Amino acid sequence: MMKITVFGTGYVGTVTGTCFADLGNNVLCMDVDAKKIERLYKMKGYAFVQVTRDVAETPSGRTVTFTVLEGPKVEVDSITFKGNEHLAKGKLTDDKGEEAEGKAQSSLGKAESAVDDAIDSAKAKAEDIKR
């Protein structure tokens, strides 16, 4: 197992980090864009997350600090499709081609787990820095 840091959480960085994490590596994804970090939290259900960035000049260089206010996690119990009378019952399918049975199927799979791991790792590193 390797410790890997991926700078940039756009499409390529997120997919790369997810692949390395899926192979069993300890992956930390970082970015300087607060909106991208906010998007990752929103993917995990934190609809009201607020991410702010502060840049400070120090004698040893520049320090960038992100403050994340997660807010409550939003969980969806069910999804109801209405208004599409032209599709026969059972024609709605999930991303694997299987019939959807009233539950939303996630196409992110292991990527969600990697995002969770990256968030947890970032929190742990922030706590270590505070000590």
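Key figures for this structure:
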| quantity | calculated |
| --- | --- |
| Residue list for segment 38-65, filter: loosely packed, with under 14 Cβ neighbours inside 10 Å, within 17 Å of ALA126 (Cβ to Cβ) and hydrophobic (A, V, I, L, M, F, W, C) | VAL55, ALA56, VAL64 |
| Residue pairs meeting the criteria (Cβ under 6 Å; at least 6 apart or on separate chains; first modelled with pLDDT under 65, in segment 106-124; second exposed (fewer than 14 other Cβ atoms within 10 Å of the Cβ) and not in a helix (DSSP H, G or I)) | SER107/ASP95 |
| Residue check for LEU40: closer than 21 Å to TYR11 by Cβ, out of contact with any His (no Cβ under 6 Å at 6 or more places or on another chain) and of a type in the set (A, V, I, L, M, F, W, C) | yes |
| Some residue of segment 48-65 being under 14 Å from the mean Cα position of the chain (by Cα), under 16 Å from ASP116 (Cβ atoms) and at pLDDT below 85 | no |
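The values are calculated or read from the model by the stated rules, or taken from the named source; none is laboratory data. Everything numeric in this text was worked out from a predicted model, so none of it was measured. No Cβ is skipped: glycine too gets one built from the backbone with ideal geometry, and neighbour counts run over all protein chains shown.
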